[in-house]
């Protein structure tokens, strides 16, 4: 008796096209084997349990865990985002909305010509796949390990640019401020700018 | 003085106090049982279980109860309203009633009155429990029927079939106890075990059958077919919400505690201490017997939890097969043996006769089991090929071909 189902031909379709295959049903296990199952559950009671007491104890995530996004800054405080919308185009869930804006001498938010004027991520839609991070040409968009993103209103889960921007670190100056004297956006991109210009720091 | 005489002298107010006590014990032990079950099952699955509300989460089931009571009470439009409301009341009331004849302590002093913590003592106490728990099934069946919905109806029907099947095995396993104790009164059965030896030892097969059928009787895993989540949503209580659902929940747990208490009473010596620890029964003015009783009930409750943590649910046909083809015949045969031995003992038969009878039984058992084995081997032999019928039938091991067009092949 063949132990596979033969492919059907339309010409001889009848009930015998499917061969009868007898399945060997294993009988009930022996009493000892069954008792072993009871021992498993009983002995498990005395093992250390795996529960993390979450709100009290917060276990660190894996280092590359996909959490909330962050919009990074250059070392002098200018934003890295140039408003190119590549992240929004890459997003499979259509969670990102970007509007670019022109940098003007009085309103220089990022190096070069353009900055992200509006930047929204809708965390009701985001699936945390990270394609936006891969798409970003300036490394402006990365992901943090923050995972506590629950809230009680839909509006609260649409994060604006201010919510996503990285905090100002030591030596950074809040934009808008002019680019580092003598540096181009290419220099910024290559990492030649290490801090805000001393003259600007004094101003603040 | 027997317990019945002791209880007969109770004034009305002490009966009232005892009724309230029994009710309170049932409700509080339900709350504790739910918490214990969730914690123990969690431990069996490497989890912690509820530990937020109150110390160690002890108040979790209380807060769940409050939450249930405050929820919206929905009665489906298709439901038979009167029966829909009555069903949970029947289920709950009957569970509490079965507790009335369980002896929970020996002779104790209750508010300056010498009595025992047992509401009443009937000469047919155990039969009364069986009757009352059977009426409790009406609650489940009527709930399933009156919901006006398919799954509850299926759950209710399954439940009735299940309880009827396992009630028979349960009742038969108790017959051996009646034969041995010579009484159907719970307190008399406890006394007879105190004078001799626990029924769990002498009537071990009955004990096993009772423990299995009490799980079937209470619709608990692995026999929880009436509320099989994967198949029937919630079973008979799918359409129930709020306090009515809470009543079913309460009924289930009181029922578990009631059958556990009955098991402790009939097989493990009731409120008496284990052999060798009899001196403890005088502690706390006799109230220590209550602790022994609770310990024994909890032992059975642990078995319930252990089963739930270990075994998957049975298929419906396996379940019925087990009940009707294994438990009932086994307990019938066992009753025959017990009755014969009992009669031999009472007629004053010599030891030789008893030993010969036992030896004969062993031989008979061996003969039957070897016959069964031979039948099994025979059943596994392939059948000879038969003539092909000239009407369409599905392929079978001995019929490989059919001829739809007619004629032999």
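Quick look at the numbers
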item: Tally of residues being out of contact with any strand residue (DSSP E or B) (no Cβ under 9 Å at 6 or more places or on another chain) and either closer than 16 Å to residue B:272 by Cα or not in a strand (DSSP E or B) (or both) across region B:103-121; result: 6
item: Residue A:77 farther than 18 Å from residue A:146 by Cβ and crowded, with 17+ Cβ neighbours inside 10 Å; result: yes
item: Odd one out for residue A:101 among (1) away from chain B (no Cβ under 14 Å); (2) touching a helix residue (DSSP H, G or I) at 6+ places or on another chain (Cβ under 9 Å); (3) not in a loop (DSSP other than H, G, I, E, B); result: (2)
item: Number of the condition not met by residue B:289 [criteria: (1) buried (at least 24 other Cβ atoms within 10 Å of the Cβ); (2) out of contact with any strand residue (DSSP E or B) (no Cβ under 8 Å at 6 or more places or on another chain)]; result: (2)
item: Any hit, region B:372-392, residues being within 33 Å of the chain's Cα centre (by Cα), over 25 Å from residue B:226 (Cα atoms), part of a helix (DSSP H, G or I) and at pLDDT 85 or above; result: yes
item: Residue tally, condition within 17 Å of the chain's Cα centre (by Cα) and farther than 23 Å from residue B:167 by Cβ, over region B:268-293; result: 0
item: Residues of region B:87-121 satisfying the condition of being free of Cβ contacts under 8 Å to residues at least 60 places away in the same chain, surrounded by fewer than 21 Cβ atoms within 10 Å (Cβ to Cβ) and over 14 Å from residue B:287 (Cα atoms); result: B:93, B:97
item: Filter pass, residue B:323 being modelled with pLDDT of 85 or more and touching a helix residue (DSSP H, G or I) at 6+ places or on another chain (Cβ under 7 Å); result: yes
item: Any pair with Cβ under 6 angstrom, 6 or more apart, that starts in region A:83-96 at a residue that is at positive phi and ends at one that is in a strand (DSSP E or B) and surrounded by fewer than 18 Cβ atoms within 10 Å (Cβ to Cβ); result: A:83/A:100; A:83/A:114
item: Residue B:53 being under 30 Å from residue A:42 (Cα atoms) and either at pLDDT below 90 or in contact with a strand residue (DSSP E or B) (Cβ under 8 Å, 6 or more places away or on another chain) (or both); result: yes
item: Helices (runs of 4 or more DSSP H) completely within region B:240-349 that count 3 or more residues being under 23 Å from residue B:159 (Cβ atoms); result: B:242-267, B:288-310, B:316-321
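Per-residue answers, yes or no, for (1) in contact with a strand residue (DSSP E or B) (Cβ under 7 Å, 6 or more places away or on another chain); (2) exposed (fewer than 14 other Cβ atoms within 10 Å of the Cβ); (3) away from chain B (no Cβ under 14 Å):
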| position | (1), (2), (3) |
| --- | --- |
| A:53 | no, yes, no |
| A:62 | no, yes, yes |
| A:70 | yes, no, yes |
| A:73 | yes, no, yes |
| A:88 | yes, no, yes |
| A:93 | no, no, yes |
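The values are calculated or read from the model by the stated rules, or taken from the named source; none is laboratory data. On a predicted model such as this, the values are computed, not experimentally measured, just so you know. Because the Cβ atoms are built from the backbone with ideal geometry, glycine has one as well, and the counts that use them run over all protein chains shown.
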